[in-house]
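Chemist: Take a look at the following structure, please.
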Amino acid sequence: MNWNNIIHTIIFLSLTGPGILGNTLILVRHVYMPALGTKKPVDLIIVHLAFSNMITICTTGIRDTATVFYFRNFLRDIGCKAVVFLTRMARGLSICTTCLLSVLQAVTISPRITLWTKLKPQTVCQVLPFIFVFWIINVLISSNLLSYIKAGSDLNRSVAATFIGHCYMPPPRHIIKWLFLSLMTLRDVIFQSLMGWSSGSMALHLYKHHKQVLYLYSSRSANNSPPEIRATQSVLILMTCFLFFYWVDLIISFYQGFTVTHEPILLNIKLFLELGYASFSPYILISRDVHPPNVLHAH
């Protein structure tokens, strides 16, 4: 085993284990605990984010198990299609769900925005249509993979292809490639624009709150932030974490696409970026309480 494979294995194991544990804790906390009282929209959103993270971690783990531990490709053709499709879909669901959480928190702490306040879900059932639409959008955007992904054993070595673990994707027709690439880009632009608006709104609210606290209280009292402020800080940190992993991964992917390179160092970095948000985000939610009492009912 060379150093690149050792580093790949370390990254793989150090992120998948804690990631599964953290997301499991989030699922237990936001599924079991609300059963003792009133469920709130934020519970369902966080559960859906944790579920999307689990799909990302498990599918990436299955895909890389053969590579990391030198197993034969046990996925075969159908397995490759399913794993790569679910990985891409879960990435899209993560974008959409993080956006929904950030917008909901921005509207919650800014009740004067009457138009958005009317759209704010007040019950768990009102969140379900959003999640249903997210699934439809991302299933459609990722559907082309079901036609193109193949198992590595089926590869004709004379054909150029994009490798994803032991699976590969031959270059699709240009019209199909640009159609789905355009849909992915449109989705990312829309949801990240909403993230940008919500982050600016929350940052402005936190700045105003900070000035009020400094004016009214001593520095010791300033540390005792209201629950809605702690929740807002958590969502901002979560969104910053997501944008970091997303943009760095996008830059590396563009670089690999233009240079047609598969350097081991870049592959290890991409593995870290693919698993990073899914593994770290539950601990952000756990360490900073994003579900304080009555957060979503503040007026």
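The values are calculated or read from the model by the stated rules, or taken from the named source; none is laboratory data. Since this is a predicted model, take the numbers as computed values, not measurements. FYI the Cβ positions are ideal-geometry reconstructions off the backbone, even for glycines, and counts take in every protein chain you see.
Chemist: Step by step: first the residues of segment 131-145, then only those that are surrounded by fewer than 19 Cβ atoms within 10 Å (Cβ to Cβ) and aromatic (Phe, Trp, Tyr), then the one that is nearest to the chain's Cα centre (by Cα). Which residue is that?
Modeler: For segment 131-145, the residue satisfying everything is 135.
Chemist: Suppose we keep only residues that are part of a loop (DSSP other than H, G, I, E, B) and closer than 27 Å to residue 23 by Cα within segment 252-292. Which one would you say is modelled with the highest pLDDT?
Modeler: In this case the residue turns out to be 288.
Chemist: Could I ask something else about it? Filter segment 121-143 down to residues that are touching a residue at least 60 places away in the same chain (Cβ under 8 Å) and not in a helix (DSSP H, G or I), then give me how many there are.
Modeler: Counting residues in segment 121-143 that are touching a residue at least 60 places away in the same chain (Cβ under 8 Å) and not in a helix (DSSP H, G or I) gives 4.
Chemist: Please determine, by comparing only the residues of segment 170-205 that are within 17 Å of the chain's Cα centre (by Cα) and among the β-branched types (Val, Ile, Thr), which one is farthest from residue 233 (Cα to Cα).
Modeler: 185
Chemist: Another question, if that's okay. Residue 86 passes all but one of (1) surrounded by fewer than 17 Cβ atoms within 10 Å (Cβ to Cβ); (2) modelled with pLDDT of 75 or more; (3) closer than 28 Å to residue 7 by Cβ; which number fails?
Modeler: Going through the list (1) surrounded by fewer than 17 Cβ atoms within 10 Å (Cβ to Cβ); (2) modelled with pLDDT of 75 or more; (3) closer than 28 Å to residue 7 by Cβ, residue 86 breaks only (1).
Chemist: If you take the residues of segment 13-30 that are surrounded by fewer than 21 Cβ atoms within 10 Å (Cβ to Cβ) and more than 20 Å from residue 62 (Cβ to Cβ), which of them is modelled with the highest pLDDT?
Modeler: By that ranking, first place goes to 25.
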